[in-house]
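The values are calculated or read from the model by the stated rules, or taken from the named source; none is laboratory data. Note that the structure is predicted; figures quoted are calculated from it, not measured. Virtual Cβ from ideal backbone geometry, glycine too; neighbours counted across all protein chains shown.
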Amino acid sequence: MKPRRTFDEDRTLNVLLGWKADQPPYPTSLVERGSIALATPLRNLTNEQILLLVSQGFGLEYVVPKAISILAENPLIGVTFYDGDLLESCLKVSAEFWMEHHDLWIELDGILRSLDQTMSDIGKHRAHFESAWEAWSRQDTSTISRRKLRPANAGI
């Protein structure tokens, strides 16, 4: 397990990783976005750039801590594609990375456990919410309006 290092947030991933910056023209928009993110100082990375870097596996020891900070505020944040896309990208990071960065694994696991607990707490109230459908369906309401409002998974 590697201890978490502190690093200069004014440096870019290209500098920190010892990589040479790609120069335009770029073969694809993905390469262009990745090259721009790699040349952006860490403190200036956008959420979208962090998602891109995590999903591509670039500079994980530098960007995963930033991703975890974002997820601590909103685990289901939708950064680019859909709600939870950043969380999903972090969950897809290799086991080897997590084995070397156990402290980060513990932080992300804590976020997941908190999210699980929240969903469990919410689930406890679902039956009460769904009972409204039962009460409503017992009312004298026209069949046509019932069909319009009936949830797709509710029985007839």
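Counting only residues that are without any contact (Cβ under 8 Å) to a residue 12 or more places away in the chain and assigned to a loop (DSSP other than H, G, I, E, B), which one in region 63-87 is surrounded by the fewest Cβ atoms within 10 Å (Cβ to Cβ)? Looking at residues that are without any contact (Cβ under 8 Å) to a residue 12 or more places away in the chain and assigned to a loop (DSSP other than H, G, I, E, B), I get Tyr82. Residue-level analysis places Thr46 outside the set of residues that are touching a strand residue (DSSP E or B) at 6+ places or on another chain (Cβ under 9 Å) and of a type in the set (Ser, Thr, Tyr). Met99 satisfies every condition listed in (1) touching a residue at least 60 places away in the same chain (Cβ under 8 Å); (2) within 18 Å of Trp19 (Cβ to Cβ) except (2).
The rows are residues; the columns are (1) touching a Ser or Thr at 6+ places or on another chain (Cβ under 9 Å); (2) in contact (Cβ under 8 Å) with a residue 60 or more places away in the chain; (3) under 25 Å from Tyr82 (Cβ atoms); (4) part of a helix (DSSP H, G or I).
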position: Leu16; (1), (2), (3), (4): no, no, no, yes
position: Asp22; (1), (2), (3), (4): yes, no, no, no
position: Pro25; (1), (2), (3), (4): no, no, no, no
position: Arg33; (1), (2), (3), (4): no, no, yes, yes
position: Ile36; (1), (2), (3), (4): no, no, yes, yes
position: Gln49; (1), (2), (3), (4): yes, no, yes, yes
position: Val54; (1), (2), (3), (4): yes, no, yes, yes
position: Phe58; (1), (2), (3), (4): no, no, yes, no
position: Glu61; (1), (2), (3), (4): no, no, no, yes
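Applying the condition of being among the acidic types (Asp, Glu) and surrounded by 14 or more Cβ atoms within 10 Å (Cβ to Cβ) to region 6-42 and asking which residue is modelled with the lowest pLDDT yields Asp22.
The rows are residues; the columns are (1) under 29 Å from Lys20 (Cα atoms); (2) modelled with pLDDT under 95.
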| site | (1), (2) |
| --- | --- |
| Thr46 | yes, no |
| Ser89 | yes, no |
| Arg113 | no, no |
| Asp121 | no, yes |
| Ser131 | no, yes |
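If you go through region 104-136 and pick out every residue that is exposed (fewer than 14 other Cβ atoms within 10 Å of the Cβ) and touching a residue at least 24 places away in the same chain (Cβ under 8 Å), you end up with 1.
Residues that are at pLDDT below 95, out of contact with any Phe, Trp or Tyr (no Cβ under 6 Å at 6 or more places or on another chain), surrounded by 10 or more Cβ atoms within 10 Å (Cβ to Cβ) and in a loop (DSSP other than H, G, I, E, B) do occur in region 137-147, at least one of them.
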